[in-house]
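These notes concern the structure reproduced below.
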């Protein structure tokens, strides 16, 4: 069983940017943590700073077997109708994760255009939010 993780812009800079919001770990540390916590699962992480590449990856996932999809679209969360529309094509369960609490930050971050087409949203727990998302996806299997 595998889970797809989609990361949007600037998440390739985890561990180097705004550590007070995003922590000091990078994407590889996130994957190692998930693999250690869930040794029977496989994780595929796709990150892009380009909206169209994320839409294309979602389209590809429509015909792939995943136990679920975890999305953290970064800034695109608040702006992308295209990503929202693409997510509705997925037959897999979807959960949106944010490392920081988007409701405790600038007002423009309070609205998620993509979260409304996900089963749920986890915000503010750092990397542990991904653990919660995996556990939630496994509950529906």
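Under the definition of Cα pairs under 8 Å and six or more residues apart, what whole-number percent is the relative contact order of region 2-139?
Computed over region 2-139, the figure is 26 percent.
Simple spin-label model, 7 Å along Cα-to-Cβ: residue 31 to residue 65 in nm?
Once both label points are built, they end up 2.2 nm from each other.
Could you order peptides 93-100, 73-80, 56-63 by the average number of other Cβ atoms within 10 Å of their residues, highest first?
Averaged packing, sorted descending, gives the order 93-100, 73-80, 56-63.
What 222 nm value per residue comes from the helices of the chain, counting each DSSP H run with n ≥ 4 as -39,500 (n - 2.57) and dividing by all residues, nearest 500 deg cm²/dmol? Write out the running numbers ahead of the final one.
Details: 5 runs with 45 residues, N = 141.
Helix contribution divided over all residues of the chain: -9000 deg cm²/dmol.
So for the pair residue 41, residue 132, with labels modelled 7 Å out along Cα→Cβ, what separation do we get in nm?
Label-label distance for residue 41 and residue 132, simple model: 1.5 nm.
Between residue 89 and residue 111, what is the FRET efficiency for a Förster distance of 25 Å, r being their Cβ-Cβ separation, to the nearest 0.05? Each step should come with its number before you reach the end.
On the way: r = 22 Å, r/R0 = 0.88.
Efficiency computed from Cβ-Cβ geometry: 0.70.
Evaluate the distance, in nm, between pseudo-label points positioned 7 Å from the Cα of residue 101 and of residue 53 along their respective Cα→Cβ axes.
Roughly 3.3 nm, to one decimal.
Bear in mind that the values in this text are calculations on the coordinates, not laboratory data. Not measured: the values here are computed from a predicted model. Counting neighbours? That spans all protein chains shown, and the Cβs are built from the backbone with ideal geometry, glycine included.
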